[in-house]
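For reference, the structure is listed below as structure tokens.
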Amino acid sequence: MNPVRETNDEAELFPIRTVSSLTGVNPITLRAWERRHGLISPVRSESGHRLYSRDDIDTILRITALLDKGVAISQARSAIGAPTRHRPAAVDIWTSYRERMIAAIDQFDENRLEDVYNEVLSLHATEIATRTVLLPLLSELGRRWENKEGGVAEEHFFGVYLRNKLGARFHHRRRLAAGPRLLVSCITGEQHEIGLFLFALAAHDAGFQMVLLGADMPLADLAYAARRARADAIVLSGSIEPALAVLAEHLPKLVAESGVPVFVGGLNSVRRHEEIVAAGAIPVGTDIDAGLRHIATHLSPESAARAARAR
């Protein structure tokens, strides 16, 4: 949910129990998708255990989305390969948008950036633009900013621009949602709000009511805020490495005191999956749509019923 910071994808490998928890696909099915259908190719540890990359996790989430739409598992492989093999023109469009936006960011040219952003949203649905342009762009920029001279300045420039755009969209959203109420904030120390805004907008479109608190939220204040807001759940977003006490002490205390489910999204929910589970919270990964489905399955029957009516 906070896709801005990405580091060393190749070095990040996750065991099958973590992948199963994040995707909702049981280990037996994951092994079948590998052996029988060739859909994923995890590496093996020295002891022979399967280890999955973040690309593998993204592939699994794409497969589950296709299955939800009625695509047969036997057709999933060709469907996943379709964007690059059968529709190169569409891929070129999205790549072109991202390259043009990166060029504008590199020159700190807000007018050019505005032109491309407006072009994308005028020609394509918002959810498509988010999934095919903004989220991949943020991932590309996160890698670029790690080693590029002036990368921090670029990050601040684009962060301010996109935060203003997403904030305006959130402010002017239609206020018809009547589903479960989510109290949403960045985890303590997390200053990047873009992923949080994208999640909040998608959650609102899915029928959830939103209470948005923003960046760098002390967890000690959230239980009180959740009670006062009559929240059905708390959702935390974060990609930075949190201070040791955040997951070891503050998060378990929040879970114990809030009285509602506490979800954690963003890269931390993958990298620190075991600590989050040990704290009593629920990791939901980095994919926004999959995260929303995960949240819905853990809500109380009353909250879930409201979400269903809202949709």
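The values are calculated or read from the model by the stated rules, or taken from the named source; none is laboratory data. Just so we're clear, the structure is a prediction, and the values are computed from it rather than from any experiment. Here Cβ is always computed from backbone atoms with ideal geometry, including for glycine, and neighbour counts include all displayed protein chains.
Among the residues of the stretch 72-97, count how many are out of contact with any Gly (no Cβ under 9 Å at 6 or more places or on another chain) and modelled with pLDDT under 80.
Residues that pass the stated criteria total 18.
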Margin query: Consider the stretch 90-148. How many of its residues are over 21 Å from Val160 (Cβ atoms) and not acidic (Asp, Glu)?
Written below: 14
Note to self: For the stretch 223-267, which positions are closer than 26 Å to Ala178 by Cα and of a type in the set (S, T, N, Q)?
What the structure shows: Ser237, Ser258
Note to self: Please return the ranges of helices (runs of 4 or more DSSP H) entirely within the stretch 207-294 where 3 or more residues are in contact (Cβ under 8 Å) with a residue 12 or more places away in the chain and more than 21 Å from the chain's Cα centre (by Cα).
What the structure shows: 222-229, 251-258
Item checked: Leading residue by the ranking (farthest from the chain's Cα centre (by Cα)) among those in the stretch 24-62 that are farther than 11 Å from Val270 by Cα and in contact (Cβ under 8 Å) with a residue 40 or more places away in the chain -> His37
Notebook entry, point to check: Can you spot a residue in the stretch 34-45 that is at pLDDT 85 or above and assigned to a helix (DSSP H, G or I)?
Noted result: yes
Note to self: Return the residues of the stretch 227-254 that are of a type in the set (A, V, I, L, M) and over 15 Å from Ser185 (Cβ atoms); say none if nothing qualifies.
What the structure shows: Ala243, Leu244, Ala245, Leu247, Ala248
Note to self: Checking the structure you have, find out if any residue of the stretch 14-25 is within 30 Å of Lys148 (Cα to Cα), modelled with pLDDT under 85 and not in a strand (DSSP E or B).
What the structure shows: no
Item checked: Residues of the stretch 107-118 satisfying the condition of being surrounded by 13 or more Cβ atoms within 10 Å (Cβ to Cβ) and either in contact (Cβ under 8 Å) with a residue 60 or more places away in the chain or outside any loop (DSSP other than H, G, I, E, B) (or both) -> Glu110, Arg112, Leu113, Glu114, Asp115, Val116, Tyr117
